[in-house]
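Below is one structure; the comments refer to it alone.
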Amino acid sequence: MSGGSVHETVLSWSAGRETVIGVRADESVLGAAERADLALPFGCRTGACATCTGRVVDGWIEHTRPPRALKDRHLAAGYVLLCIAEPRSDCRIEVGSDVRTELVSNPWK
Ligand code: FES
C-alpha cells in the first residue's frame, strides 16, 4: 500500500474492552479492524445500512462517500459508518452492535 500515515485508533466496546489498531490513511476503520482480526458488525459496506455504526468520542473522521444511513443529527452526535470512515487523526471510537442499538432506540437521536 501507499506510504501514507497511520492513525492510532482506539476501538472501545460497551463491555469495557478496548483495542488499539493502526488505520492507514487510505483504508476504512472497518477494513483496518478486519486486518487486525477484529470482528465488527457490517452489512452493505457502502454506507447504506448502518450496521457498522460507531461513535467517535475523540478525533477526526471523514466519510469517503455520503453516509446515507445516518441523518444529520446522528452525524452531529458523532456517529460514523465505519465501512466508509477514514481517520484523519488519532481517534477513539465506540464500536459494536450496541452503538447501533443506541442509535435506533434512543428517542433523542
Ligand atoms: S456496512 Fe452498511 S453502512 Fe456500513
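What to note about this one:
- Backbone HN-Hα couplings from phi across region 49-61 [Karplus 6.51/-1.76/1.60, Hz, Gly and Pro as x]: 10, 6, 4, 8, 4, x, 10, 7, 9, 7, x, 10, 10
- Per residue accessible area of region 6-109, 1.4 Å probe, in Å²: 52
- Fraction of accessible area attributable to carbon and sulfur, the chain (%, probe 1.4 Å): 50
- The length gained on full extension between Leu38 and Val20, counted as 0.36 nm times the residue separation minus their Cα-Cα distance, comes to 5.4 nm.
- Measuring max minus min along each principal axis, the C-alpha atoms of the chain give extents of 43, 30, 24 Å (largest first).
- Estimated 222 nm signal from helices in the chain, with DSSP H stretches of n ≥ 4 weighted -39500 (n - 2.57), rounded to 500: -5000 deg cm²/dmol
- Exposure rank, largest accessible area first [Glu27, Glu8; 1.4 Å]: Glu8, Glu27
- Summed side-chain charge close to His7 - residues other than His7 whose Cβ falls under 15 Å, Lys, Arg +1, Asp, Glu -1: -3
- Relative contact order [Cα under 8 Å, 6+ residues apart], the chain, whole percent: 33
- Considering only region 48-109, percent of DSSP beta bridges that pair antiparallel, nearest 5: 100
The values are calculated or read from the model by the stated rules, or taken from the named source; none is laboratory data. Keep in mind the model is a prediction, meaning the values are calculated, not measured. Cβ coordinates were reconstructed from backbone atoms using ideal geometry, including for glycine residues, and neighbour counts include every protein chain displayed. Ligands, DNA and RNA are stripped out before the accessible areas are found, and what is left, the full protein with its side chains, is counted by its heavy atoms. Shrake-Rupley method; radii C 1.70, N 1.55, O 1.52, S 1.80 Å.
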